[in-house]
Amino acid sequence: MDRPVRLIFAVSCFLCIAAGCRNKNVSEQQDPIVLGYSQLGDESSWRTQNTFSIKSAAKRSGIKILFEDAMQNPANQIKALRSFIAYKVDVIAFSPLVETGWDTVLEEAKAAGIPVILVDRMIETSDDSLYTAALCSDFALEGRRAGEFLVRKFAGRTTPVNIVELAGTAFSTPAIGRSEGFREVLSAHPKFVICFSEDGDFMQSKGREIMQKVLKLYRSDEIDVLYSHNDDMTFGVIEVMKEAGLAPGKDIVIISVDATQRSIDYLREGTINCVIECNPNSGQQVMELATRIVSGENVPKRTYIQETTFDEFGDLDSIANRGY
Ligand code: GYE
């Protein structure tokens, strides 16, 4: 081969290889996205529906999901995140049980170039670059809505209003927000007194236990309001009140959070007075975020899920079936 022919041959080889590489990239993009998802547990009806929403949205979107249930143990979540990093997934999503303790494992994900989406709950960190996007409810708003309901319900009352609070998992974003937002609104009205507050871990069994304890500590006519951070704990409370011969929703005003179908049924029959919605159906939004992030698009750092309040002052017939 003389020199010009050799040069043309070399250039065409380079172009062929380059074209081959690009084709390979195209075909790589067509491979399904692999999403590692660490769910925090299965403590409530909300969580069961959330898991269903995530798994079914992944299936619909053609995303391959590696799903791990941490059974309410952050150490299991860290283990799951490390296994996703080792597997070299395209993107990680997780619902952190509590807010702290994630920096080290998230630095490992960042070093491996794997983007992270926070779902449902937030983390406390000084380095926001450790996650790409967060999709969650505005828990402080939920707490404020609970407080605003009470302000309206007890508008004519001048004597103290005694409140028992059943909080969610300690140090978790929903428990923090629902407590803080609630107190923020009530602090402007000194007649509201939170006389008892305990963490019931969002579980029906703990709701039962705590209410049994409360009824030993207080006479039922000393309690005006029961504010529970989720429906499952509320169901435990309602059982105990009924067993004690009390009429929930009448003898004691009840506010619950989540809005499962069962709590809406209780609201309609007057057993619960106010239900703050928390929407578990975030699956489709998670898959959309994952797809956009993997294809290199910029996404909002924080997205709030839209929610509402259902209470005895509203039109209860128009509430659509909750589906869970
Ligand atoms: O309200 C509760 C669940 O983090 C928003 O966790 C979620 C909460 C939800 O166990 O029922």
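Looking across region 44-75, the residues that are away from the ligand (no atom under 16 Å from the Cβ), in a helix (DSSP H, G or I) and not hydrophobic (A, V, I, L, M, F, W, C) come down to Lys55, Ser56, Lys59, Arg60, Ser61. Checking the stated criteria, Phe149 turns out not to satisfy the condition of being touching a His at 6+ places or on another chain (Cβ under 9 Å), away from the ligand (no atom under 12 Å from the Cβ) and assigned by TED's automatic domain parsing to the domain that holds Asp201.
Among the residues of region 178-195 satisfying the criterion of being out of contact with any Lys or Arg (no Cβ under 9 Å at 6 or more places or on another chain) and within 14 Å of the ligand (Cβ to nearest atom), which is nearest to Glu142 (Cα to Cα)? So the residue we want is Arg178. Glu222 passes every criterion in (1) in contact (Cβ under 8 Å) with a residue 60 or more places away in the chain; (2) within 28 Å of Gly156 (Cβ to Cβ); (3) surrounded by 20 or more Cβ atoms within 10 Å (Cβ to Cβ); (4) not hydroxyl-bearing (Ser, Thr, Tyr) apart from (3).
From the list Asp138, Asp103, Asp128, Asp90, the one residue that fits, being within 30 Å of Ala188 (Cβ to Cβ) and either in contact (Cβ under 8 Å) with a residue 60 or more places away in the chain or surrounded by fewer than 17 Cβ atoms within 10 Å (Cβ to Cβ) (or both), is Asp138. Looking across region 237-295, the residues that are within 16 Å of the ligand (Cβ to nearest atom), touching a residue at least 40 places away in the same chain (Cβ under 8 Å) and part of a helix (DSSP H, G or I) come down to Val237, Gln261, Arg262, Ile264, Gly283, Gln285, Val286. Against the test of being in a loop (DSSP other than H, G, I, E, B) and under 17 Å from Pro174 (Cβ atoms), the options Glu142, Glu124 yield a single qualifying residue, Glu124. Only a single criterion out of (1) under 26 Å from Met71 (Cα atoms); (2) in the same structural domain as Met241 (by TED's automatic domain parsing); (3) crowded, with 20+ Cβ neighbours inside 10 Å; (4) out of contact with any Gly (no Cβ under 7 Å at 6 or more places or on another chain) is not satisfied by Ser197, namely (3).
The values are calculated or read from the model by the stated rules, or taken from the named source; none is laboratory data. Keep in mind that this is a model prediction, so the values were computed, not measured. For neighbour counting, all protein chains shown are included, and Cβ atoms are generated from backbone atoms with ideal geometry for every residue, glycine included.
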